[in-house]
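Read through the structure below, which is laid out as structure tokens, and then see the notes.
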Amino acid sequence: MTDPIVTLSQENSISIIKLDDGKANAFSHDMLSQVNELLTKVPRDSGALVITGREGLFSGGFDLKTLATGDMEKITKMVQLGYRLLLDLYSFDRPIIAAVSGHAIALGLFVTCSADYRIAIDGQYVCQANEVRNNMDIPTQIMEILKARVNKNYFYPAVFHSDTYSVQDSIAVGFIDEVVPEADFMNRVMEKAKELASLPHPFYANTKKSAQEDVRKKISDAINKYEDLTGLKN
């Protein structure tokens with residue numbers, strides 16, 4: 001039996017989802033399905049959620065092998081799950097801490113940006129939205145999250161020009177909130193998660209929903225349009 005590529009563990013009121021496929025931590029259909037399934041088991045009226053990756057790599061983005069197949073049915077199903085995941089994370093009722101354990105590229109970065117607080121491990125790691133460099137556009141359902149996160153002075157180079165930023169420089173960009181030495185990384189992540197878990201329900205959820213209402217609607221509408229165009233609408 002192969003080891004799961006996504007796991008869910010619990011430490012008191014903190015849920016921890018870990019991504020580890022032993023490779024690029026690519027968001028394949030399988031990984032996305034597992035994350036979405038585990039999210040249904042995370043409390044939405046108490047506690048906090050931590051999402052992390054394997055050592056040296058948070059995630060490299062969508063699974064390139066699937067994209068390279070040219071199989072549009074497989075590609076659209078994978079992409080749909082990715083979009084739905086971003087909306088679910090961005091609008092999650094409880095605080096989410098992204099424990100960025102290494103490189104965060106493309107969808108890996110967008111998942112990071114969907115979290116409420118982003119802590120990166122110190123090291124030679126980068127954050128990059130590389131879509132334009134790779135002959136892809138960034139659709140509304142992702143762009144709205146970037147617009148809500150990326151600092152105005154960095155928006156053109158970070159989003160339009162696909163510039164690469166160290167985790168340290170990513171604080172100024174708006175991708176990351178703080179960078180922590182490796183020895184202190186998970187201790188700091190859990191410390192912050194415990195702090196945010198103390199925020200009372202439903203007041204946190206209601207405040208977040210009020211602030212995000214317009215963005216949520218734009219993302220949801222864009223996803224629905226994508227599903228209509230690709231025939232994925234049930």
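Below is a table of values for the structure above.
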| read-out | value |
| --- | --- |
| Search result, residues across the stretch 129-155 that are in a helix (DSSP H, G or I) and more than 27 Å from Ala197 (Cα to Cα) | Val132, Arg133, Asn134, Thr140, Gln141, Met143, Lys152, Asn153, Tyr154, Phe155 |
| When residues of the stretch 164-189 are limited to those that are part of a loop (DSSP other than H, G, I, E, B) and among the acidic types (Asp, Glu), the one nearest to Ser220 (Cα to Cα) | Asp177 |
| Filtered residue count, the stretch 181-206, keeping only those that are under 15 Å from Arg44 (Cβ atoms) and of a type outside the set (A, V, I, L, M) | 6 |
| Options Gly56, Gly102, Gly82: the member that is within 27 Å of Val173 (Cβ to Cβ) and within 13 Å of the chain's Cα centre (by Cα) | Gly82 |
| The stretch 190-212, residues that are without any contact (Cβ under 8 Å) to a residue 40 or more places away in the chain, closer than 30 Å to Asp122 by Cβ and assigned to a helix (DSSP H, G or I) | Glu191, Glu195 |
| Hits in the stretch 51-69 - residues which are among the polar types (S, T, N, Q) and closer than 19 Å to Leu38 by Cβ | Thr52, Ser59 |
| Filtered residues of the stretch 84-104 (kept if surrounded by fewer than 22 Cβ atoms within 10 Å (Cβ to Cβ) and not in a loop (DSSP other than H, G, I, E, B)) | Arg84, Leu85, Leu86, Leu87, Asp88 |
| Positions within the stretch 40-72 being part of a loop (DSSP other than H, G, I, E, B) and hydrophobic (A, V, I, L, M, F, W, C), in sequence order | Val42 |
| Selection count, the stretch 39-87, where residues are at pLDDT below 95 and within 18 Å of Ile119 (Cα to Cα) | 1 |
| Among (1) surrounded by 14 or more Cβ atoms within 10 Å (Cβ to Cβ); (2) farther than 25 Å from Ser220 by Cβ; (3) of a type in the set (D, E, K, R) - the single one Lys74 does not satisfy | (2) |
| Odd one out for Phe92 among (1) within 14 Å of the chain's Cα centre (by Cα); (2) closer than 20 Å to Arg188 by Cα | (2) |
| Count - residues of the stretch 7-38 that are within 28 Å of His201 (Cα to Cα), in contact with a Leu (Cβ under 8 Å, 6 or more places away or on another chain) and outside any strand (DSSP E or B) | 5 |
| Qualifying residue in the stretch 105-112 (condition: in contact (Cβ under 8 Å) with a residue 60 or more places away in the chain and out of contact with any Gly (no Cβ under 8 Å at 6 or more places or on another chain)) | yes |
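This table checks each residue for (1) modelled with pLDDT under 95; (2) of a type in the set (Lys, Arg); (3) part of a loop (DSSP other than H, G, I, E, B); (4) buried (at least 16 other Cβ atoms within 10 Å of the Cβ).
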residue: Arg118; (1), (2), (3), (4): no, yes, no, yes
residue: Cys127; (1), (2), (3), (4): no, no, no, yes
residue: Pro157; (1), (2), (3), (4): no, no, no, no
residue: Ser162; (1), (2), (3), (4): no, no, yes, yes
residue: Asp214; (1), (2), (3), (4): no, no, no, no
residue: Asp221; (1), (2), (3), (4): no, no, no, no
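The values are calculated or read from the model by the stated rules, or taken from the named source; none is laboratory data. Keep in mind that what you see is a predicted model, and the values were worked out from it rather than measured. As a convention, Cβ positions derive from the backbone with ideal geometry for all residues, glycine included, and neighbour counts pool all protein chains shown.
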